[in-house]
Amino acid sequence: EYTHALPAMGLDDADAARIARAGFEAAWCDDDQKARMLADVDAAVLALSALR
C-alpha cells in the first residue's frame, strides 16, 4: 500500500522515514525506550532501502 500511497501524495521513502521518526520522537515514553524505537525504525528503513 505504501508503494502506491506515497507517490500519490507526492512523498518518497525519505519522507515516509521522517514521518515515522517524528511519531516515535513525539511518543510519550522515556528517552531510553524512545532511542530503542528510533534505532529500530532506522534499521528497518536501512533494510528496506537495500531492497530497492
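Before moving on, here are some points about what is shown:
- Filter result (surrounded by 11 or more Cβ atoms within 10 Å (Cβ to Cβ) and not in a helix (DSSP H, G or I)) within the stretch 1-11: Leu11
- Considering Ala20, Ala43, Ala50, the condition of being touching a helix residue (DSSP H, G or I) at 6+ places or on another chain (Cβ under 9 Å) and assigned to a helix (DSSP H, G or I) is satisfied by Ala20 alone.
- Filter result (among the basic types (Lys, Arg) and surrounded by 11 or more Cβ atoms within 10 Å (Cβ to Cβ)) within the stretch 28-52: Lys34, Arg36
- Taking first residues from the stretch 20-33 that are over 19 Å from Leu48 (Cβ atoms) and partners that are of a type in the set (A, V, I, L, M) and surrounded by 11 or more Cβ atoms within 10 Å (Cβ to Cβ), the Cβ contacts under 9 Å between residues at least 6 apart in sequence or on separate chains come to Glu25/Leu38; Ala27/Met37; Cys29/Met37; Gln33/Ala27.
A short reminder: the numbers here are calculations on the coordinates, not readings from a lab. Here the structure is a predicted model, which is why all the values come from computation and not from measurement. Reconstructed Cβ throughout: ideal geometry from the backbone, glycine too, with neighbour counts over all protein chains shown.
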